[in-house]
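Please treat every number below as a calculation from the coordinates, not as lab data. Being a predicted model, the structure only gives us computed values, none of them experimental. In this analysis, Cβ positions are derived from the backbone assuming ideal geometry, glycine residues included, and neighbour counts consider all displayed protein chains.
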Amino acid sequence: TITSTSDQKPRILLMGLRRSGKSSIQKVVFHKMSPNETLFLESTNKIVKDDINNSSFVQFQIWDFPGQIDFFDPTFDSDMIFGGCGALVFVIDAQETGIQNLDEFIDVDKDVSCYDEKENLDEDIVDEMKERPREAENTDSDSEEEIKPTPATLPEARKCIEQLRQFFLQKKNEGSPLDALDDYIEALHKLNLTVTKAYKVNPKIIFEVFIHKVDGLGDDCKMETQRDIHQRANDELNDAGYDQIHLSLHLTSIYDHSIFEAFSKVVQKLIPQLPALENLLNILNTNSAIEKSFLFDVVSKIYIATDSTPVDMQSYELCCDMIDVVIDVSWIYGIKEDQDAAAFDDQSSSLIKLNNGTVLYLREVNKFLALVCILREDNFDHKGIIDYNFLCFREAIQQVFELRNKLQHNSTTNSVG
Ligand code: GDP
C-alpha cells in the first residue's frame, strides 16, 4: 500500500466538474465564508491542498480538483492522490440535471395565463420568451425550425410555448440528453471514471456523492434527481463490473445546514473512535437527563459524534447557531486586544434558555471540540450533577484520544524499528 509521504492523517478529496461548487463548499464549511460571497469566487484551476489541521480537530485535507483534470494524463499521479485518501467526495451540480428545467418550462404557461386580458405581453415575459428559444436553439439542429419564433403577441407566445413543451416532453420521453443536460451527463461520466480509477488504486476509499445546489429545487425534484443519479451511477458501475463499489448520496446546499450535515456524516466514517464517542455520549445523556448531545468541531460546525437517538435537522441547526453566537460574542467581548487568544478556549461555556422550556448548554471539551446539549429546563435544575458528569465525560474523551495517539506512536516506532 502507498501511504502519503507527509502524514498519516485521513484525507478527504473534493472533486467534481468546474463550477459544481467545490471551492464554495470548502470556503463556507472551513473558512466561515458567507454563502453569498461565493458568487465572486474565481474558478479553481489547480489542485488546492487546504490544510485545516491547525484550527480544526478534523485532520484532513481538501483537494479541490479542477473539473477538467485528465486522468489519462501521465503526469496525473493517481497512486499518490488516491493512495492515502480516506474519502472521495464527488460534487454534482443538481441545477444542471435538467430535471427541474422541464417543470419550469411548463410553469411559464401558467405565468402567461394572467396576461390573458392584455393584447401585448408584458415586456419581461417577452424578454424571457426570447431568451428561452435562443437557449434551446442549439439543442437539436432538426428542431431548429420549430423553436425559432420570437413571440410578440399572446397567441404567438402560446404557440411557441406549446411547441417547446412538446419538444422537451418528447426529448424527455426519448431519454436523449439535451445540450443543457450535457454537463450532467459529463458529471456522471467523470464520477464513474474517478470512482473506478480511485478504487483500483485504493479499494478502502469511501465514496460520497454530493448532489449540490439543491436550494433551488422543490422536494419532488430533489427526490427525482437523487433517484436519477443513484440509478444512472450504479447502472454504469454495475455494467463495468464494479458492483462492489458503494456510493453514498447526499443532497446539499451551502445556503442551509445540509452541507454541514453531509460533511459530518463523511467525517464520522473516518473517525475510528466513533463507537467509543457515541457510547460516552449515551452514558452522559442517561445520567444527566439530556435529550440530545453533539460533539462539535467548533471551527467547521461538523459534528464528529452524537448519541444514538436520531438526529433531527432542527436540533442540529439550533446547536450550530449556538456555536456561531458563542464565537461571535467571544470575538467581540471575550478577547483583550493585546492578547493573542482564541475566541474558543478552556473557559468557554454557554447557556441559552429558549422560551419553549428547552435549554441549550455548551461546554468546551478541548481546543477544537465542544459539547452542545439540548435538555428540558426542569432537568437543568440539577446543573451541579450535569457539570460533574460533564467533567467525567471530558476526562474519558481525552483518554480515548490519548489511547489512539499512543497506539499510533507505537505503530510508527515499531515500523521504524
Ligand atoms: P468550483 O469551480 O467547483 O470550485 O465551483 P465554485 O465554488 O466556484 O462555484 C460555482 C458557483 O456555484 C458559484 O457562483 C457559487 O456561488 C455557486 N454555488 C456553490 N454552491 C452553491 C449552492 O449550494 N447553491 C447555489 N444556488 N449556488 C451555489
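Pop out the ³J(HN,Hα) list for region 372-380 in order, Karplus 6.51 cos²θ - 1.76 cosθ + 1.60 with θ = phi - 60°, rounded to Hz; leave Gly and Pro as x.
Listing the rounded values in order: 10, 10, 10, 8, 6, 4, 4, 6, 7 Hz.
Just to check I understand the Karplus step: with θ = phi - 60° and J = 6.51 cos²θ - 1.76 cosθ + 1.60, what whole-Hz values come out for region 257-269, glycine and proline as x?
7, 4, 5, 5, 4, 5, 4, 4, 5, 5, 4, 4, 5
What full-extension length gain, to one decimal in nm, is calculated for S308 and R376 as 0.36 nm per residue of separation minus the Cα-Cα distance?
22.6 nm
Sort region 202-246 into rounded, prolate or oblate with this rule: let a ≥ b ≥ c be the square roots of the eigenvalues of the Cα gyration tensor; rounded if a/c is under 1.5, and if a/c is not under 1.5, prolate when a/b is larger than b/c, oblate otherwise.
oblate
With 22 Å as the limit, write out which pairs from K269/K292; K22/K367; K204/K265 have Cα-Cα distances beyond it, or answer none.
Where the Cα-Cα span goes over 22 Å, the pairs concerned are K22/K367.
What nm value, rounded to one decimal, do you get for the distance between Y388 and L39 when each label is placed 7 Å out toward the C-beta?
Result for the modelled spin labels: 5.5 nm.
Ordered by residue, what ³J(HN,Hα) values in Hz, to whole numbers, does region 319-332 give under the Karplus form 6.51 cos²θ - 1.76 cosθ + 1.60, where θ = phi - 60° and Gly and Pro are x?
Ordered by residue, 3J(HN,Hα) equals 5, 4, 4, 4, 4, 4, 4, 4, 5, 4, 5, 4, 4, 7 Hz.
Find out how many positive minus negative residues lie around H246, taking Lys and Arg as positive, Asp and Glu as negative, among other residues whose Cβ is under 15 Å from that of H246.
So the environment of H246 carries a net charge of -1.
Any idea how far apart D321 and K200 come out in nm if each label point goes 7 Å out from Cα toward Cβ?
5.0 nm
If we sort 185-192, 305-312 on the protection proxy, mean other Cβ atoms within 10 Å, highest first, what's the order?
Result, highest mean first: 185-192, 305-312.
Quick one: if the Förster radius is 22 Å, what FRET efficiency do E395 and W331 give, using the C-beta to C-beta distance and rounding to 0.05?
Result of the calculation: an efficiency of 0.15.
Give the average over all directions of the projected area of the C-alpha convex hull of region 228-293, one decimal, in nm².
Computing the convex hull of the Cα atoms and averaging its projections yields 6.8 nm².
Working out 0.36 nm times the residue gap between A240 and R158, then minus their Cα-Cα distance, what length gain in nm do you get to one decimal?
The span from A240 to R158 would gain 24.9 nm if fully extended.
Using mean Cβ contacts within 10 Å as the protection proxy, how do 293-299, 155-161 order, highest first?
293-299, 155-161
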